[in-house]
1. Which order do peptides A:322-333, C:330-341, C:184-195 fall in by mean Cβ count within 10 Å, highest first?
2. Measure out, as a whole number of angstrom, how far apart the alpha-carbon centroids of the range C:31-77 and the range A:233-291 sit.
3. Find how many whole Å separate the alpha carbon centroid of the range C:192-223 from the alpha carbon centroid of the range A:122-197.
4. Most fluctuating residue of A:His200, A:His321, A:His75 in a GNM of chain A with Cα springs under 10 Å: which is it?
5. Can you tell me the mean projection area, over all orientations, of the convex hull of the range C:162-242's alpha carbons? Units nm², please.
6. Consider just the alpha-carbon atoms of chain A and return their Rg together with their Dmax, both in angstrom.
7. What fraction of the DSSP beta bridges in the protein assembly as shown is antiparallel, stated in percent and rounded to the nearest 5?
8. If you find the alpha carbon centre of the range C:99-126 and of the range C:249-284, how far apart are they in angstrom?
Amino acid sequence: MREMLGIAPDFAITRTSLLGRIALREAVQMAVLTKIGNRRVAFVSGTTVGGMEKSEQFYRDFLENDKRNEYIALHDCGACTEMIAKDFPGRISFQTTISTACSSAANAAILGAGLLKTGRADIVIAGGTECLSKFHLDGFNTLMILDSQPCRPFDKNRQGLNLGEGAAYVVMEMADGAAARQAKPLCRLSGYANRCDAFHQTASSPEGEGAYLAMMAALQDAGLQPVDIDYVNAHGTGTPNNDESEGHAMMRVFGNRMPWVSSTKGFTGHTTSAAGGVENVISILALTRGFVPANLNFSEKIDSLDFTPTTEVKTHVNLNHILTNSFGFGGNDSSCIFSKIS
Amino acid sequence: MEQLIEELKREIIEVLNLEGMKPEDIDENAPLFGEGLGLDSIDALELIVLMEKNYGIKLQNANEGKEIFKSVRVMAEYIKEHRTK
Amino acid sequence: MDIFIRSASQISFQQPLDMQWLTAPIFPSVAFNPPLEPDYKQFVSPVESRRMGHLLKRAVAVSLDALRKGDCSMPDAVISGTGLGCIENTEKFLNAVIDNEEECLPPTPFMQSTHNTVSSQIALKLQCHGYNSTYSHRGTSFDSALLDAVIQIQLGQIGSALVGGYDEMTPAYFRMLNKLGYWRTDEASDVDSLQKSGRVGSISGSSAVSLLLTSSPSSEKLCQLYGIEAFSCFEKNQLPAIYHDFLLKYGIVEADIDAVMCGFSGDDSNDEMYRYFVAECCPQSDVLWYKHLFGESFCASAFGVYAAACCLHQQKVPTHLYYMKERKRDKIRKILVFNCFQNIDGSLILLSL
């Protein structure tokens, strides 16, 4: 990654920031943000690991000697965002960091929409970044929610999640702003909502209250009915608790008219704070290219659920509205709806 | 056995940080979860770590704990039978 | 749309859950200043609090206290800022990972280490299913949380929000930051030396501040939140333009700013921007400060807003809040809180009677 970015081997930068910089560059290039005049650009990035991957490596040095002092100030989440933003070819007029665990990147998009709608920014780059760390790998392991096999979202015999790493950002702007600079939007963020399960620090409620509230509020925000949704990109981590809880919430929202549903974590692993960004990008790709991604490793339906996920990729389908879920520890549940531009 | 029960009670109070509770406050025959002490799934995970650390018993998944953590007495009986240290 | 700060509560090294710092302040004499803890049993039962670290107990206590003072049982949203999250638990788990070579690790410190534990514990305690978010952006973590609350109110998504700033300083983290020159020596931690220029380092504090924001006016309130602007990556000489755009946006003039509450900390690299701002932008206003009473932390700016709100409510600024003891104005109707972190991120927050 250092090579891709042209960063010297001895330059102090965390892996989370490297991942973020690569994603930011791609987003900037695709949205042609190199020629934007004096438009105000906000950068909203989610992370939870931040600089932990270096801190866990050098923690003893931090306390006992002066060999690795350069990484002390890079530990916190905000330092990671700052380090990514420095790579932006222009002035970032406002930057901030969201840390709502596995829904961080989705909430970044939600804040982004708020910044645009209230006229506080002209362009927003929103998403998240997360690298693997021993800290959270071991942490998830203490909660006994890791699967030693490839994860099996929505499968009866699922054992847990697989951790992944990554970064993803979307570039957002109001329709008139995009038109004024002749940018061609990919789709519309037609609705979104953030709700709290308020059930347990790490477990989701059996009936998926927070997830249900988030999906319903996002539909209302978009002015859509459940039946309008063509595909749900589920949070679907593959843990026994999440998939059953999210499944019940989806049954409450969609009743017996369940849209296509898949979790794409079989392809990406659970990229935690980046997951909402990665899945926003996958949803936008699905919407614009007309396909439904497959839910890998599914073989048997969960007893208490009435639906099965889409196990084979469906191509050449017409999708108008996609709902994507991002849920985090602490019951931080967010849903976003992407719609085709009519 | 009674000695192991006493020892376990002390360890449970310590590891679950049950502030202000004494060993005699725990009824070794009462359920640890739901009713009784009112513990939850995270406490169960802490007890799994306790068994591994102090008695060398390794459980493969959290569900096995359900039977073992029925009460302090059941837990003590399981430990007596399976302990490796 | 008008937005009000209806009530507030704090835990710091001043008397907790109280405004005694206005009349009977505790002045620091050392660089490491742990907070004074209230009796938490009035807020959480021992069973509830058995997994809570210090930061969580403080956050829940100030949140419940702010709600009680604001006569509100359920806010529409819980939005927090925290630069480091529950660093005490993070250190506990990190040490266990290193010491035990990743074996036999306890789940509790891990699950209580994530930054959003604070907002979610508050929501859990209140059974609040509304909007819930956490900002972790260094010295503007709290400012970002406050901005989000204002945006959600302006968009009609919420009518009220508990907005907080929470950070704890542990001895280990203090030692690490000390290597980077963050802190004063104990000998130079008194209020007088904090006001001398040309020095480095500040004194540390732990922050737990909760504000109840509402869009509906009530007879009991601290003040109005008149305006907020957050900005990043600016040069010093851009500051006057940012300030004048802010005044223009909210339809006020320089003379309306009776006092400016600045984040002077005693560290010259930090204080220089505040001195420049005061000289260039509001030379006619009174200059107030707060970090000598609450210490420096990522969420210290929450105390700036809190202290300004209390002064407006009391209609009186105590002598010990005047930076350099200089007083120009008789009446205080509008206070501008200016926060700037490492000359990278800043915010202007205007409070009014």
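1. Highest to lowest by the protection proxy: A:322-333, C:330-341, C:184-195.
2. Their Cα centres are 36 Å away from one another.
3. Using only Cα atoms to place each centre, the spacing works out to 34 Å.
4. With Cα springs under 10 Å in chain A, the top fluctuation among A:His200, A:His321, A:His75 is at A:His200.
5. Values: hull surface 36.4 nm².
Value for the range C:162-242: 9.1 nm².
6. 19.6, 62
7. Values: 59 of 100 bridges.
Bridges in the protein assembly as shown are about 60 percent antiparallel.
8. Value for the Cα centre distance between the two parts: 39 Å.
Where a number appears in this text, it was derived from the coordinates with a stated rule and is not lab data. If you're wondering where the values come from, they're calculated on a predicted model, not measured in any experiment. No Cβ is skipped: glycine too gets one built from the backbone with ideal geometry, and neighbour counts run over all protein chains shown.
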